[in-house]
1. Rounded if a/c is under 1.5, else prolate if a/b is larger than b/c, else oblate: which is segment 81-120, with a ≥ b ≥ c the root eigenvalues of its Cα gyration tensor?
2. Starting with the fewest neighbours, write out M108, M135 ranked by other beta-carbon atoms found within 10 Å of each beta-carbon.
3. If I take R0 = 22 Å and measure r between the Cβ atoms of K129 and D93 in this structure, what FRET efficiency does the formula 1/(1 + (r/R0)^6) give, to the nearest 0.05?
4. E110's amide H: which non-local residues (gap 5+, or another chain) put their own amide H closer than 5 Å, with H modeled 1.01 Å from N in plane and none for Pro or chain starts?
5. Does segment 66-149 come out rounded, prolate or oblate by the C-alpha gyration tensor, with a ≥ b ≥ c the root eigenvalues, rounded set by a/c under 1.5 and, if not, prolate when a/b is larger than b/c and oblate if not?
Amino acid sequence: MKKVLIALGIASLIASPAVAQTATTPETNTQKPATTTDTQAPAEAPAATTTSTETFVTAQPTDVLSSNLVGLNITNANDEDVGEIKDIVISGDKLAGYIVSVGGFLGMGERYVVVAPSAIQITYAENDKKWAAKMETTKDQLKAAPEFKYEGRWAK
């Protein structure tokens, strides 16, 4: 019996955030409309204050998921492997950069740099069903770039 009560309690805790939604409704004017027999000038209607926040969106067929990118090897024009996308930097609601690992072997000696999104060309081959990343750089140029460290609020 205790297990059933505990399970019900946990289920209610899990379900409660989904129920706690707030709905916004536009304000309505509840004043009596002015007529020709009124002695006062009609009051000005208050400005409608509605807030529209988009909660749900639809992913488009051309959109890219982060899971498609993290772990993707980056090659250069000579088809040399120059790095791997390890993470994505989001600033506000925009893609700010890719964290790229360069160097190292089996996780040892890896170095991370942040690369501008415009520097990496991400493509998808429909025939092969594969993602690809190209960047006009060399491993040495990436190794010389300012290092990014997973520390502070970014510590893993």
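1. Numbers: a/c = 3.54, a/b = 2.14, b/c = 1.66.
The shape class here is prolate.
2. Least crowded to most crowded, the residues run M108, M135.
3. Working: r = 29 Å, r/R0 = 1.32.
It comes to 0.15.
4. For E110, the qualifying residues are F105.
5. Details: a/c = 1.58, a/b = 1.14, b/c = 1.39.
In terms of gyration-tensor shape, oblate.
Throughout, read-outs are computed from the coordinates displayed, never taken from laboratory work. Quick caveat: nothing in here was measured; it's all calculated off a predicted structure. Reconstructed Cβ throughout: ideal geometry from the backbone, glycine too, with neighbour counts over all protein chains shown.
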